[in-house]
Amino acid sequence: MLVHALVNSARSFRRTSLLSNNQRFYATTRTTVLNSSWRNKASVAALGATVLAFGVLSAKEVYCDAVLEDKKRRTEGPITDSDPMRLRMEAFVKGLQNRIVSDIEQLDGKQFTRTAWERSEGGEGITCVLQDGNVFEKAGVGISIVYGQLPKAAVEQMRHDRGKEISADGPVPFFAAGISLVIHPHNPNAPTVHLNYRYFEIENPDGTPKMWWFGGGSDLTPSYLFEDDAIHFHQVLKDGCDKYDKKYYSTFKQWCDKYFFIKHRGEARGLGGIFFDDLDDKPADEIFSFIKEMGNRFSLSYIPIMKKRMNMKYTNEMREWQQLRRGRYVEFNLVWDRGTKFGLQTPGARIEAILMTLPLTARWEYMKEPEEGSREEDLQEVLKNPRDWIPLN
């Protein structure tokens, strides 16, 4: 699901030039979504994440006013609260990416490699990658801002996979913006972490949103169980959720536990966090404030854990266990993650970009089970029976 996968896959997009005002044509669209509750629109939201991550476009050309109007607005000065949500989300994820990259670089001592791209049709992205660092084996932090078109085939794919009643006469103009990261440390005592926050809207021909929603979340995946780390991570997330809705943490925590579950293993991928899709239950400004709150809490949730664990001693046996746990991480991403599966089936997608979430190294051993009473067994017990690390109410 990594948003920064779009950076490389964008190179495969068919290049076209923007038309002048008197040449521009509009794509009229009809999109029907039955039952507009969060979960009944989840397939549309997941599709939005997929489009953002992998840059899915159909062969036809579709334009709307949003591309040119937003480009003009950027040249006029700083983005303010009176601007369209598209531009406000774009400004936020760019700033958040810079802050997170700076925090990780200070911890590691090695700088990220940055790759930037632009699309003539509208949109841009930046991928920041740190590989073989002093603390982190692999870290990727990417942003994408994309104007494009939502193909009917993409909607049909999500309807088939998720069983949702969605129909669309396309192509449908859309906008997507978001930030996504995955970080894999060297030390087996230190946990892997994932974060993704995004905004998606389907456009009217005049550039106003026909439909919009937010999605995202953050979760922790350790190789060894430190209960205080799990409590700290979840408490930081809950404190942010509680500022906006006392039901958010409980709902999104359970959603996370359900989504990041390796069904063929009967265990969770990690210790969870929060996860949500197609969030539109409140005014857009209010949800945007919530998204900013949660994004800005990343360093608070993760950096203190890393500072405690990154220099701890470990054995070769612990390293082997870490490799086995990373194997489970790979299994989830390749077998169950909706964005990864959709991207791998998308013509023209850049495979290297789609697999950016995976660690540099992993291991699979036949019939490997942890020893009874071991620390490895302690972690496996929690993964098979997810806990509520802090009170849900």
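Lys and Arg at +1, Asp and Glu at -1: add these up for the other residues within a Cβ distance under 15 Å of VAL382 and post the number. Walk me through the numbers on the way to the answer.
Numbers: positive: LYS253, ARG265, ARG269, ARG325, ARG328, ARG375, LYS384, ARG387; negative: ASP219, GLU227, ASP228, ASP229, ASP257, GLU267, GLU376, GLU377, ASP378, GLU381, ASP388.
Residues near VAL382 contribute -3 overall.
Whole-Hz Karplus ³J(HN,Hα) for the range 81-88, in order, using 6.51 cos²θ - 1.76 cosθ + 1.60 and θ = phi - 60°, x for Gly and Pro?
Computed from phi, the couplings for the range 81-88 are 5, 8, 7, x, 4, 3, 6, 6 Hz.
Stretch ASN98-ASP81 to full length: gain in nm at 0.36 nm per residue minus the Cα-Cα span?
Using 0.36 nm per residue and subtracting the Cα-Cα distance, I get 4.0 nm.
How far, in nm, would the chain grow between GLN235 and LYS72 when pulled straight, counting 0.36 nm per residue and subtracting the alpha carbon separation?
54.5 nm
Between GLU320 and ASP228, what is the spin-label point distance in nm, taking each point 7 Å from the Cα along the Cα→C-beta axis?
In this crude spin-label approximation the distance works out to 3.0 nm.
Please sort 191-198, 360-367 by packing, taking for each peptide the average over its residues of neighbouring beta carbons within 10 angstrom, highest first. It would help to have the intermediate numbers written out before the result.
Values: 191-198: 25.1, 360-367: 10.8.
Output ranking for 191-198, 360-367: 191-198, 360-367.
At what distance in angstrom do the alpha carbon centres of the range 293-310 and the range 371-393 lie from each other?
Taking the Cα centre of each part, the range 293-310 and the range 371-393 sit 21 Å apart.
Readers should treat all values here as calculations from the given coordinates under stated rules, not as data from a laboratory. Owing to the predicted nature of the structure, the values given are computational and were not obtained by experimental measurement. FYI the Cβ positions are ideal-geometry reconstructions off the backbone, even for glycines, and counts take in every protein chain you see.
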